[in-house]
Each structure stands twice: as structure tokens, then as C-alpha cells.
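One structure is given below, encoded as C-alpha cells.
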Amino acid sequence: MNKLPMTMDGYNRLQEELKRLKSVDRPAVIRAIAEARTHGDLAENAEYHAARERQSFIEGRLAELEDKIARAEVIDVSKLSGSVIKFGATVTLADEETEEEQTYQIVGEDEADIRNGRLSVTSPLARALIGKGKGDSVEVSTPRGAKSYEVVTVVFG
């Protein structure tokens, strides 16, 4: 059973989703199934089949969330420090061709949101950055070809 690194924020989001699914979504779909059953023949009852499909999705997501929470390795980013890039680091990169700068925080898979600067630790860019420091150059294969970045800053917390 391998551990899943995540920040406290990511862990809390998983917990909130689990709580919502158990206390709101699951009871609602059970009521919807009961309501659809009162409408007669189940073989031709679209409401019933839609509710059962939704129930199947909810139960699958509950199992997935419970597994991820059980395997979570919560890392307190505020206690990390250093000059080498690792999980939790906030990194500013400069594209070596355009000099355009971008800032990313390296987070767990479930927390990744590239639009908000949250880069999955398992992404090719994050894997290339791990272990590097300020001033280092990193080359990453992208769908548009190889890109080179220079590490401008490495910050924790």
C-alpha cells in the first residue's frame, strides 16, 4: 500500500467531499430511487435507472476517497525549508526561450490545478524539477516538443 503525498489543504478537501457524499448526496439518491420506484414498471423507468447510475457513481467515489484518505501522507509545507526543490515547494520558472515566468507549487495528484499554479508531483515537469535548485536549468518533453526552464526561486511555506 503506497502512500499518497498531499498537503493539509488537499487532505481537507478530500475529507469535505467524503462528508458531503455521505451526508447529502447518498441520502438524496436513495430518496430519488424510492420515488422512482413508486412510478411503476422499473424496466421502462428512466428516472429509476438514472438514480441507480448516480448511486453507483457515488458509491464508487466514496470507496475511492476512503482509499486515498487511508493512504494519505499529509506533509506540512510550512515546516519544510531548503534550497532544493521537493514536494510542497513553490517554484518560479523562467522559460529559456521567451523569458516568461511561471510559478507553481508542487502538490499531490488530487490537488493539482495547473490554472491555479498547483502542479502534480507526478507530472513530467515536477519530476524533472525535484532535486534541482535556484539557477539550475531543466529540460522537459512536452506535446509541443522539448522546453527548457531555468529555476528562478524556490520557496517553502
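Give me the percent relative contact order of the chain, please, defined on Cα pairs under 8 angstrom at least 6 residues apart. Relative CO of the chain lands at 25 percent. Restricting the range 1-60 to trypsin sites (Lys or Arg not before Pro) that sit in a DSSP loop and have at most 16 other Cβ atoms within 10 Å of their own Cβ leaves 3. Taking the chain as a Gaussian network of alpha-carbon nodes connected by springs under 10 Å, the highest mean-square fluctuation of the residues 42, 119, 21 belongs to 42.
Across the alpha-carbon set of the range 78-157, the Rg to Rh ratio works out to 0.94, Rh being the Kirkwood radius. Given the alternatives (1) 1.44; (2) 1.03; (3) 1.09, Cα Rg over 2.2 N^0.38 Å as computed for this entry is given by (1). Size of the range 4-75 from its Cα atoms: along the principal axes, largest to smallest, the extents are 52, 17, 13 Å.
Residue by residue, the range 85-96 carries 3J(HN,Hα) couplings of 6, 8, 3, x, 5, 9, 10, 9, 10, 10, 5, 5 Hz when phi is fed to the Karplus relation 6.51 cos²θ - 1.76 cosθ + 1.60 (θ = phi - 60°); x denotes Gly or Pro. When the GluC sites (Glu not before Pro) in the range 75-144 are filtered for DSSP coil states and for at most 15 other beta-carbon atoms within 10 Å of their beta-carbon, the remaining sites are 96, 97, 99, 100. If you take the beta carbon distance between residue 127 and residue 62 as r and set R0 to 25 Å, what does 1/(1 + (r/R0)^6) give as a FRET efficiency, to the nearest 0.05? Once rounded, the FRET efficiency stands at 0.25. Restricting the trypsin sites (Lys or Arg not before Pro) of the range 119-157 to loop positions (DSSP other than H, G, I, E, B) with no more than 11 neighbouring Cβ atoms within 10 Å leaves 144.
Laboratory data are not the source of any read-out in this text; all were calculated from the coordinates shown. Given the structure is predicted, the values throughout are model-derived calculations rather than measurements. Using ideal geometry, Cβ is built from the backbone for each residue, glycine included, and neighbour counts are taken over all protein chains shown.
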